[in-house]
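The values are calculated or read from the model by the stated rules, or taken from the named source; none is laboratory data. Keep in mind that this is a model prediction, so the values were computed, not measured. Quick reminder, even Gly has a Cβ in these numbers, built from the backbone with ideal geometry, and neighbours come from all protein chains shown. Keep in mind that these areas ignore ligands, DNA and RNA; they rest on the heavy atoms of the full protein, side chains included. Shrake-Rupley method; radii C 1.70, N 1.55, O 1.52, S 1.80 Å.
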Amino acid sequence: MQVSMTMNGEEITREIEPRVLLVHFIRENLGLTGTHWGCDTSNCGTCVVLMDGQPVKSCTVLAAMADGHDVRTVEGLATAGVLDPIQQGFMEEHGLQCGFCTPGMMLTARALLDANPHPNDTEIREAISGQICRCTGYATIVRSVLWAAEHPAELVTIDEEVGA
Amino acid sequence: MTLIEEHPANPAAGDEDRPIGYGRLQRKEDPRFVRGKGHYIDDIVLPGMLHGAILRAPVAHARLVSIDTTEALARPKVLAVITGKDLEGLNLAWAPTLSADVQAVLVTDKVRFQGQEVAFVVAEDRYAARDALELIDVQYEVLPPVMNARKALDPDAPVIRDDIEGRTDNHIFDWSAGDEAEAAAVFAAADVVVSQEVVYPRVHPAPMETCGAVADFDPIDGKLTLYETTQAPHAHRTLFAMVAGIPEHKIRVVSPDIGGGFGNKVGIYPGYILAVVGSIVTGKPVKWVEDRSENLMSTSFARDYIMQGEIAATKDGTILGLRTQVLADHGAFNATAQPTKYPAGFFHIFTGSYDLKAAYCKVTGVYTNKAPGGVAYACSFRVTEAVYLVERMVDALARKLEMDPAELRLKNFIKPEQFPYANKTGWEYDSGDYEKTMRLSMEIAGYDELRREQKEKRARGELMGIGISFFTETVGAGPRKHMDIVGLGMADGAELRVHPTGKAVVRISVQSQGQGHETTFAQIVSEELGIPPEDIDVVHGDTDQTPFGLGTYGSRSTPVSGGAVALVARKVREKAKLIAAAMLETRPEDLEWEKGRWFVKGDPSVGKTIAEIALGAHGTVALPDGVDGNLDAEVTYDPPNLTFPYGAYICVVDVDPGTGHVKVRRFIAVDDCGTRINPMIIEGQVHGGLTDGVGMALMEIIEFDEDGNNLGGSFMDYLIPTAMEVPTWETGFTVTPSPHHPIGAKGIGESATVGSPPAIVNAVIDALAPYGVTSIDMPCTPARVWAAMQGHATPPI
């Protein structure tokens, strides 16, 4: 079957098997390997991408279900070579170690900040509670999101660019 | 109160944005990770690459009757279906383990654990390979399994390893340390002896990235390039040469970015070997990446120790001795990864941080119908089990004597002036000031105030617990004369080249799984040579590009490779001195070093920077006799001893009396890892380990039912802490350098995983004191806590 979607601001169309999962479509059909998979059961959240601005676990979404939607992956966070504050925040506050959960964590955090520019510790923890990190112990991820919230001046015009 | 460590940049650096040497420094590896440009195993795509999938046994113990692969082979896109019989023809059906046993690559005779490898399909894509698994018809004759280690040595227990000639039981080894007679005498004369069974159940490291490999065998030049999720690329290359018969110079092992390891990625799994066989058979690259259930059910688990502990003391609280009998469940194959001499790893550090008169431990290893492994999950070669035992026993003694557990520990610590300290089981502790660290932890916690709060709450019927753990680790394996893995000595190489423009590359043998080696090792070189860290490239993970060494596990990277890197930089510095002397037309002994530069004693304006010297070395300077025209060096560092990091942890929990739910309200961790290189990275290592500790203490367990079904085979069943289950960590540190390490560093990678579980469990027991609870085993789930409150606590195994 044929699917079409907006992927990181670009219109794409591909021929696929109907059963292909969105995570495999993104990684293997499009070659965007920044989105990871870690559990197959929607528990770990390493596969989180934004669909119409909302975080979804792409291992539990068929590529066909994303047809006609706007999908954003980690590769779409930086624009024109300028990092999103959330990416900068993760580097500033040591929000990552092995880096495997990081793309999913950053996308969830981006969605949180879009909806709530000044989240507190609890709100950040709740937002990422569907995702697992085995390395950091989460405190530095919370600090990273707070860093991004505290540096809105560095927000680039991502919303316009994505055209959401 | 929340205390967040301050991490000022190294003041000696002068420029905070460009620190030289030690200090908080953003990681050099992060820019690629935050852009989604990390390069993990499943990101590797080679031209013509095929995909492998493993058919796994649905039962724990069964005779293999037949396998029919006809239908699977007939399926479109399927290129090969490999069975144990095929491997027998290649002499590859069995592979040696890291513990002088063998493990089946594919089942030939009998299934020995649920999830064991039965057949391997190679197909054009991932989905086709999985589809074909469904079409393989396997007939099994199911046998009764041995699922409880306590019953493994019963005379009527089924013999699991009937593949080993002459074997009539499930016994693997007995191993002991310490003096049994001396311990018996001390126990006989003691005022007080407390006994307790302490169980450390089976858990799993479960890194976010599962294990996988891409094998690319070139049939023309006979070279195998093997991309693998391995923490030990050089050791794997040598073992592959021994197992597969491919000459070692024709094997290149590449470990790309690793999505977490925690010991899960030390061993050589059947999947890796099958990817290699698949590539040889098809003539194309073959990728195999396991799914989460495969990871949890078949790759290296951790712990599974049943420990009978005894502690002896005088009635005023002087601890005299410790002894323990341990039953160790090693699963169906003895595949633990540890130095050859030590079948129970470094468990004999169970004497902890205390000055004892006697100690004795005996460990018995047994086979069961469970997955093999055992040394993993940041355990520092079983130091985790040892620390858990001693810290539970000290608390049990404190309860018996009605002493405060902090006071009891303070009374019995090894004193600073006793270091180096020879303990009763053969270790020589390098350095420590335990009381200082303990008191700092109590100060941050506000220990006395917490006890007052607890008293008030108890009066109101609220369940608040305060738990302490003071751990001493033994890490940085290790001295070659004592330590090897399958005959390979545990020394590490390092190579350093300073390019003509003064930029440098350092090649190391250890492999990061997220620890930040590209940053830390650059900082060590930077500290020694004065070259900014961003001008130093750290190369790792590729056996064609790096010197030999045994890899990253057991917190050994900084203690061993960190020493190697400091020494190789010093070797370059000494060579630079000779070249600088030639350039300045003076004698080497007239030169003095300041960071980054040799200058003439008494005339600091006359000197040469490392960059100038590098250009001189590669240029036209007339070099002294015996000095080559470069600024390179290499070393292999054989550590003289292990290092002994330690820490004082205090945990505060609240238990809901209505549900048995445990909430970790606060956790205070004060660590002493000797010299600190990058405080930001150290804090991150501690935070991660503390979270592991919460997982093991409260949530994580790989259990089995009596039929042999794995009850923890997915993330729906194997529960791992999220951001909601852990508090904001409160950390602090003291610095007691290791006297024998080149920079005084001790390693930090596993300290918190080792040290935190007893603090949490001791806190839970403390909270449940009003119910008369004196022991509970992990995981302290609401159901298990509730049972303990009702007086029905049962061990998990």
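A:H94 meets each of the listed conditions (1) free of Cβ contacts under 8 Å to residues at least 24 places away in the same chain; (2) over 24 Å from A:T60 (Cα atoms); (3) within 7 Å of chain B (Cβ to nearest Cβ) apart from (1).
From the residues in segment B:65-87 that are in a strand (DSSP E or B) and open to solvent by less than 30 Å² (accessible area, probe 1.4 Å), which one is nearest to B:D162 (Cα to Cα)? Full working, then the answer.
Applying the first criterion (in a strand (DSSP E or B)) to segment B:65-87 yields B:65-68, B:78-83.
Checking the rest, the ones that are also open to solvent by less than 30 Å² (accessible area, probe 1.4 Å) come to B:78, B:80-83.
Numbers: B:V78: 34, B:A80: 30, B:V81: 27, B:I82: 24, B:T83: 20 Å.
Among them, the one singled out is B:T83.
Looking at segment B:489-508 only, could you name the residues that are in contact with a Leu (Cβ under 6 Å, 6 or more places away or on another chain) and open to solvent by 10 Å² or more (accessible area, probe 1.4 Å)? If the condition is that a residue be in contact with a Leu (Cβ under 6 Å, 6 or more places away or on another chain) and open to solvent by 10 Å² or more (accessible area, probe 1.4 Å), then B:P500 is the only one that fits. Within segment B:592-612, being open to solvent by less than 40 Å² (accessible area, probe 1.4 Å) and more than 22 Å from B:P532 (Cβ to Cβ) holds for one residue alone: B:V600.
Residue by residue, here is whether (1) of a type in the set (G, A, S); (2) within 25 Å of A:G9 (Cβ to Cβ); (3) surrounded by fewer than 17 Cβ atoms within 10 Å (Cβ to Cβ); (4) in contact with a helix residue (DSSP H, G or I) (Cβ under 9 Å, 6 or more places away or on another chain) holds:
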position: A:D67; (1), (2), (3), (4): no, yes, yes, no
position: A:G76; (1), (2), (3), (4): yes, yes, no, yes
position: A:L96; (1), (2), (3), (4): no, yes, no, yes
position: A:T108; (1), (2), (3), (4): no, yes, no, yes
position: A:H118; (1), (2), (3), (4): no, no, yes, yes
position: A:T136; (1), (2), (3), (4): no, no, no, yes
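Restricting to segment A:49-64, count the residues that are touching a helix residue (DSSP H, G or I) at 6+ places or on another chain (Cβ under 7 Å) and either within 11 Å of chain B (Cβ to nearest Cβ) or outside any strand (DSSP E or B) (or both). Total meeting the criteria: 6. Identify the single condition in (1) over 30 Å from B:R56 (Cα atoms); (2) open to solvent by less than 10 Å² (accessible area, probe 1.4 Å); (3) within 14 Å of chain A (Cβ to nearest Cβ) that B:D692 does not satisfy, given that it satisfies every other one. Exception for B:D692: condition (1). So, of the residues in segment B:42-64 that are β-branched (V, I, T) and within 11 Å of chain A (Cβ to nearest Cβ), which turns out to be least open to solvent (accessible area, probe 1.4 Å)? Looking at the filtered set, the residue picked out is B:I44.
Residue-by-condition table, conditions (1) crowded, with 23+ Cβ neighbours inside 10 Å; (2) closer than 15 Å to B:R75 by Cβ; (3) of a type outside the set (D, E, K, R); (4) within 14 Å of another protein chain (Cβ to nearest Cβ):
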| site | (1), (2), (3), (4) |
| --- | --- |
| B:R126 | no, yes, no, yes |
| B:L133 | no, yes, yes, no |
| B:V138 | no, no, yes, no |
| B:E141 | no, no, no, no |
| B:N148 | no, no, yes, no |
| B:D156 | no, no, no, no |
| B:R161 | no, no, no, no |
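Could you check segment B:222-236 and list, in sequence order, the residues that are of a type outside the set (G, A, S) and not in a strand (DSSP E or B)?
Of segment B:222-236, the ones of a type outside the set (G, A, S) are B:223-231, B:233-234, B:236.
Listed by number, the residues that qualify are B:T229, B:T230, B:Q231, B:P233, B:H234, B:H236.
Per the conditions (1) touching a residue at least 24 places away in the same chain (Cβ under 8 Å); (2) facing chain B (nearest Cβ under 9 Å); (3) in contact with a Lys or Arg (Cβ under 9 Å, 6 or more places away or on another chain), the sole criterion not satisfied by A:R110 is (2).
Taking first residues from segment B:550-563 that are over 19 Å from B:V486 (Cα atoms) and partners that are charged (D, E, K, R) and part of a loop (DSSP other than H, G, I, E, B), the Cβ contacts under 6 Å between residues at least 6 apart in sequence or on separate chains come to B:S555/B:E750. Going by the conditions given, is B:M680 open to solvent by less than 10 Å² (accessible area, probe 1.4 Å), assigned to a helix (DSSP H, G or I), under 17 Å from B:T734 (Cα atoms) and of a type outside the set (S, T, N, Q)? So B:M680 passes the test. Candidates are the residues of segment A:7-42 that are within 11 Å of chain B (Cβ to nearest Cβ), over 18 Å from A:R72 (Cβ atoms) and not aliphatic (A, V, I, L, M); the one that is farthest from the chain's Cα centre (by Cα) is A:E17.
Could you check segment B:309-334 and list, in sequence order, the residues that are under 25 Å from the mean Cα position of the chain (by Cα) and among the polar types (S, T, N, Q)? Talk me through it step by step, then tell me what you get.
Keep residues of segment B:309-334 that are under 25 Å from the mean Cα position of the chain (by Cα), which gives B:309, B:324-334.
Selection gives B:T324, B:Q325, B:N334.
For segment A:14-65, a residue qualifies if it is at pLDDT 95 or above, among the acidic types (D, E) and either open to solvent by less than 60 Å² (accessible area, probe 1.4 Å) or over 23 Å from B:R32 (Cα atoms) (or both), and the qualifying residues are A:E15, A:E17, A:D52. Within segment B:643-661, the residues that satisfy the criterion of being more than 30 Å from B:I743 (Cβ to Cβ) and assigned to a strand (DSSP E or B) are B:C651, B:V652, B:V653, B:D654, B:V655. Only one of the numbered conditions (1) in contact (Cβ under 8 Å) with a residue 60 or more places away in the chain; (2) not in a strand (DSSP E or B) is violated by B:V635, and that is (2).
Here is a list: A:I158, A:I128, A:I86. Which entry is open to solvent by less than 30 Å² (accessible area, probe 1.4 Å), under 14 Å from the mean Cα position of the chain (by Cα) and at pLDDT below 95?
Details: A:I128 fails: at pLDDT below 95; A:I86 fails: at pLDDT below 95.
The match here is A:I158.
Of the residues B:I760, B:I776, B:I748, only one is buried (at least 18 other Cβ atoms within 10 Å of the Cβ) and free of Cβ contacts under 8 Å to residues at least 40 places away in the same chain; which?
Details: B:I760 fails: free of Cβ contacts under 8 Å to residues at least 40 places away in the same chain; B:I748 fails: free of Cβ contacts under 8 Å to residues at least 40 places away in the same chain.
Every option except B:I776 fails the conditions.
Once segment B:695-719 is narrowed to residues that are in contact with a Cys (Cβ under 8 Å, 6 or more places away or on another chain) and within 12 Å of another protein chain (Cβ to nearest Cβ), the residue that is surrounded by the fewest Cβ atoms within 10 Å (Cβ to Cβ) is B:S714.
For segment B:93-113, the set of residues classified as open to solvent by 20 Å² or more (accessible area, probe 1.4 Å), more than 23 Å from the chain's Cα centre (by Cα) and not polar (S, T, N, Q) consists of B:W94, B:D109, listed by residue number.
Please work out if B:G732 is touching a residue at least 24 places away in the same chain (Cβ under 8 Å), of a type in the set (G, A, S) and under 23 Å from B:L690 (Cα atoms). Don't jump to the end; show me each part of the working.
Details: touching a residue at least 24 places away in the same chain (Cβ under 8 Å): yes; of a type in the set (G, A, S): yes; under 23 Å from B:L690 (Cα atoms): yes.
In short, yes.
Can you find even one residue in segment B:730-739 that is within 14 Å of chain A (Cβ to nearest Cβ) and modelled with pLDDT of 95 or more?
Step one: list which residues in segment B:730-739 are within 14 Å of chain A (Cβ to nearest Cβ), which gives B:730-731.
From what's left, modelled with pLDDT of 95 or more: B:730-731.
Looking through segment B:730-739, at least one residue is within 14 Å of chain A (Cβ to nearest Cβ) and modelled with pLDDT of 95 or more.
For segment B:173-221, the set of residues classified as farther than 22 Å from B:V366 by Cβ, in a strand (DSSP E or B) and within 14 Å of another protein chain (Cβ to nearest Cβ) consists of B:G212, B:V214, listed by residue number.
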